[in-house]
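**Q** One structure follows; several queries about it will come next.
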Amino acid sequence: MASLPGKLNLSHMNKEGFVQPSSYLRPRGQSQPMPHAEPESAIERDQRIGLQRIRDFLKVRTSYDVLPLSFRLIIFDTALLVKRSLAILIQNGIVSAPLWDSKTSSFAGLLTTSDYLNLIQYYWQNPEQVQKIDQFRLNSLRDIEKAIGVQPLETVSIHPQRPLYEACRRMLESRARRMPLVDVDDETKRAMVVSVVTQYRILKFVAVNVSETQLLRKPLKHLKLGTYKNLETARMESSVFEVIHQLVNNSISSVPILNSDGVVTNVFESVDVITLIKGGVYDDLNLNVGEALQKRSEDFPGIYTCSIDDRLDTIFDTIRKSRVHRLVVVDEENRLIGMLTLSDILEYILLEGEGDDAKPD
């Protein structure tokens, strides 16, 4: 039988001419068994279970649950003078406050120590503007950010009845260490600020209520947790202005203070600047770090350290018992190794091992 033009004559092909489906998958004669997964160790299993219990807890509790039974809330109108806002913060022993735009009756963001640092940086770059500092108002803070070229924090908020897990994810995505809880008034249908939730309060809430934090027994040296390279540091002799530049330019909240041997002697924090400029007097910014740290209040909680052999279960114990916002990772001789922040811990307990499932929809 003659074959049709353009058609394959199968009658002339033998069995060897057929291609087996397996040939598309692997070369013949090179079949290898699938590798066996390493059995999960007890410490790995406990770590995984501990993280899952924390996430399950955050998903069923709301942001409102974190708030204490009694608390006070201070909100600043955006038309308020910066000098006046500083005095109110110091008088009430707080470092941040929600902002409210009375013209639009709407939430307008959060005032933090970063805003004061940006303001100082601006006047350092533009000394001819120093005389106008007493007339500066909160509604111009975003103009300051643009003028000095820093990336502004995203203005985020969350409804108090939303899951705490969602609040934590928003904080990580926006690089915010605290976030206002904004509800809607039933009668006026206008937004109203209920309170502010912070990373510290969330992690302490977890430490107090989730017993499975004791399963997190892997040491820091085996976790991708914290910063250990390109750390910003300073000396007691360093000028305060120099450290402020480090804080602003690197978007960090603290700088370890080392001696000539690399031993950690203290930490300069962004909140230390508030003490230096209270009363609207900026002369103390000309001090060196050692002189500035002597002006701290007597109730300063101190500097917390840990080693790379410490585990998250003991760190959660520390958070439960003490008001800690960061830990300096040091060696046996107290030399600096790294920095561990609450942001690092929050990111780890939310995202570790989640893979692509951790990405928001």
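**Q** Between the helical axis of 82-92 and the dominant principal axis of the chain, each derived from Cα atoms, what acute angle in degrees is found, rounded to the nearest 10?
**A** 90 degrees
**Q** Can you spot the lysines whose alpha carbon is less than 22 Å from LYS278's alpha carbon? Ignore those fewer than 8 places along the same chain.
**A** Filter leaves LYS83, LYS132, LYS295.
**Q** OK, next. Carbon and sulfur together cover what percent of the accessible area of the chain at a 1.4 Å probe radius?
**A** Working: 10080 of 20860 Å².
With neighbouring chains kept in place, the figure for the chain is 48 percent.
**Q** Right, here's the next one. Each label point is 7 Å from the Cα along the Cα-to-Cβ direction; what then is the distance between the points at TYR228 and GLN129, in nm?
**A** Calculated label separation equals 4.1 nm.
**Q** Pairwise over distinct Cα atoms, reciprocal of the mean inverse distance: report the Kirkwood radius of segment 80-203 in Å, one decimal place.
**A** 15.8 Å
**Q** Post the alpha-carbon centroid distance, segment 103-133 to segment 333-350, in whole angstrom.
**A** Centre-to-centre (Cα) distance: 29 Å.
**Q** Compute the long axis of helix 342-351 from its Cα atoms, compare it with the longest principal axis of the Cα atoms of the chain, and write down the angle in degrees, 0 to 90, nearest 10.
**A** So the helix axis and the longest Cα principal axis differ by about 20 degrees.
**Q** Further question on the same structure: Can you list the lysines whose alpha carbon sits under 19 Å from that of LYS103, skipping same-chain ones fewer than 8 residues off?
**A** LYS189
**Q** Can you give me the three principal axis dimensions of segment 281-361 from its C-alpha atoms, in Å, biggest first?
**A** Sorted largest first, the three principal extents are 51, 36, 24 Å.
**Q** List the lysines whose Cα sits under 18 Å from the Cα of LYS59, skipping any in the same chain fewer than 8 residues away.
**A** Straight-line reach from LYS59, under 18 Å: LYS204, LYS359.
**Q** Still on this structure, please answer the following. Which values of log₁₀ I(q)/I(0), to two decimal places, follow from the Debye formula for the chain at q = 0.10, 0.11 Å⁻¹ with a uniform point scatterer at every Cα?
**A** For the chain, the Cα-only Debye profile gives -0.71, -0.84.
**Q** Roughly how many Å² is the accessible area per residue of segment 290-331, as a whole number, for a 1.4 Å probe?
**A** Numbers: 2200 Å² over 42 residues.
With all protein chains present, segment 290-331 gives 52 Å² per residue.
**Q** Let me ask something else. Compute the accessible area per residue over segment 176-230, keeping the other protein chains in place, probe 1.4 Å, unit Å².
**A** I get 54 Å² per residue for segment 176-230.
**Q** Here's a follow-up. What figure in square angstrom, to the nearest 10, would you give for the accessible area of PHE300 with a 1.4 Å probe?
**A** 60 Å²
**Q** Right, here's the next one. Using only Cα positions of segment 239-306, each an equal point scatterer, no hydration layer, compute I(q)/I(0) via Debye at q = 0.12, 0.14, 0.23 Å⁻¹ and quote the log10 values to two decimals.
**A** Taken in order of the listed q values, log10 I(q)/I(0) reads -0.31, -0.42, -1.13.
**Q** Any idea how far the Cα center of segment 38-63 sits from the one of segment 226-269, in Å?
**A** Segment 38-63 and segment 226-269 have Cα centres spaced 34 Å from each other.
The values are calculated or read from the model by the stated rules, or taken from the named source; none is laboratory data. Values in this document were obtained by computation on a predicted structure and should not be read as measured data. Quick reminder, even Gly has a Cβ in these numbers, built from the backbone with ideal geometry, and neighbours come from all protein chains shown. Heads up: the accessible areas ignore ligands, DNA and RNA and are worked out on the full protein's heavy atoms, side chains in. Shrake-Rupley method; radii C 1.70, N 1.55, O 1.52, S 1.80 Å.
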